[in-house]
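Worksheet for the structure shown next.
The values are calculated or read from the model by the stated rules, or taken from the named source; none is laboratory data. All of these numbers come straight from a predicted model, not from anything done at the bench. Reconstructed Cβ throughout: ideal geometry from the backbone, glycine too, with neighbour counts over all protein chains shown. The protein model used for the area step is the full one, side chains on, heavy atoms only, and it has no ligands, DNA or RNA in it. Shrake-Rupley method; radii C 1.70, N 1.55, O 1.52, S 1.80 Å.
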Amino acid sequence: MGAADLDTAFFVAWIEEAARTVGIEKERLTRLDAAIGDADHGANLDRGFTAITQALAGTEPDTPGALLALVGSTLIRKVGGASGPLYGTAFREAGKFLGDASEVSAADLAAALQAALDGVQRLGSAAEGDKTMVDALAPAVRAMSLAAQEGKEPGEAIGAAASAALAGAEATVPMQARKGRASYLGPRSVGHEDPGAASTALILAALRTVVTR
C-alpha cells in the first residue's frame, strides 16, 4: 500500500471491521464496564456501530472525511452514556481535519487522530493517567505521528498505533480512575481495565487488520 493510498473504500472497510470486532467483543466490554461503570459500554457501542453499517448500506460517502463525519454523528445519536459523545466527537473531529481529501497519507491520518484526541480531551477534560480512553488514544497518536515523521508506510504506522493503544489500555488496570463514573469508586477502581481504553484499542486493531489485508 502506497504512502498516500488510503481512500474512502479503505475507511469503509475499517469501520465495517470495527463494527464486526465490537460485535464480537461487546460482552467483554460490558463485563469491564460492569466492574467500574454502568455495565452498558459494549451494548451501547455495538448498537452505534450496527447503525453505522446500516447507514453505509444505503449510501457511501465520497471521501474519508465525509465517512468519518457520518460515523461520528451516528455514534452521537445512537450511543448512550459518555461514550457516544466522546467517540462521536473523536470521529467528527478526525473527519473535519481530513476535509475533502480523496486519499489520506500516514501523516494525514496521524494528524486526524491527533484532532480526534484533542476533541475527546476538550469534551471530557481527561489526561493520560485518568483511566479513560485517552490512555489508549494518546499513545496511539504518538506512535502514529512518530512513524509518519520517519516516513513509514501506512501499514507500519498503523501497526505501531494499534500496538501502542493496546499497551495503553492494558496499562489502565493498576490505575485509579479520576474521571467519569469509575472515579466514584476511588481505590476500588484499581485492578480493572478501563472499558473505553479497551474499546479504543479494539477499533485501532480493526484499522491494523484492514491495512494488512
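Return yes or no: is GLU60 among the acidic types (Asp, Glu), open to solvent by less than 30 Å² (accessible area, probe 1.4 Å) and under 29 Å from GLU156 (Cα atoms)?
Against the criterion (among the acidic types (Asp, Glu), open to solvent by less than 30 Å² (accessible area, probe 1.4 Å) and under 29 Å from GLU156 (Cα atoms)), GLU60 does not qualify.
If you go through region 167-212 one residue at a time, how many are open to solvent by 20 Å² or more (accessible area, probe 1.4 Å), closer than 12 Å to ASP130 by Cα, in contact with an Asp or Glu (Cβ under 8 Å, 6 or more places away or on another chain) and of a type in the set (A, V, I, L, M)?
Qualifying residue count, region 167-212: 3.
Which residues, counting only those in region 129-140, are crowded, with 24+ Cβ neighbours inside 10 Å, under 16 Å from ALA90 (Cβ atoms) and not hydroxyl-bearing (Ser, Thr, Tyr)? First the steps, then the outcome.
Start the filter on region 129-140 by keeping residues that are crowded, with 24+ Cβ neighbours inside 10 Å, which leaves 131-138, 140.
Those still in the list that are under 16 Å from ALA90 (Cβ atoms) too: 132-138, 140.
The answer is MET133, VAL134, ASP135, ALA136, LEU137, ALA138, ALA140.
Could you say which residue among ALA161, ALA143 is open to solvent by 10 Å² or more (accessible area, probe 1.4 Å), in contact with a helix residue (DSSP H, G or I) (Cβ under 7 Å, 6 or more places away or on another chain) and within 25 Å of VAL12 (Cβ to Cβ)?
Checking each option against the conditions leaves just ALA143.
State the number of residues belonging to region 64-80 that are of a type outside the set (A, V, I, L, M), in contact with a helix residue (DSSP H, G or I) (Cβ under 6 Å, 6 or more places away or on another chain) and under 26 Å from ALA110 (Cα atoms).
4
Among the residues of region 94-110, what is the count of those that are open to solvent by less than 60 Å² (accessible area, probe 1.4 Å) and either touching a helix residue (DSSP H, G or I) at 6+ places or on another chain (Cβ under 6 Å) or outside any helix (DSSP H, G or I) (or both)?
10
Name, by its number, the condition in (1) open to solvent by less than 20 Å² (accessible area, probe 1.4 Å); (2) out of contact with any Pro (no Cβ under 6 Å at 6 or more places or on another chain); (3) assigned to a helix (DSSP H, G or I) that does not hold for LEU67.
Unmet for LEU67, out of (1) open to solvent by less than 20 Å² (accessible area, probe 1.4 Å); (2) out of contact with any Pro (no Cβ under 6 Å at 6 or more places or on another chain); (3) assigned to a helix (DSSP H, G or I): (2).
Tell me, yes or no, whether region 75-90 has at least one residue that is over 22 Å from LEU29 (Cα atoms) and surrounded by fewer than 24 Cβ atoms within 10 Å (Cβ to Cβ).
If we filter region 75-90 for residues that are over 22 Å from LEU29 (Cα atoms), which is where we start, we get none.
Among the residues of region 75-90, not one is over 22 Å from LEU29 (Cα atoms) and surrounded by fewer than 24 Cβ atoms within 10 Å (Cβ to Cβ), which makes the answer no.
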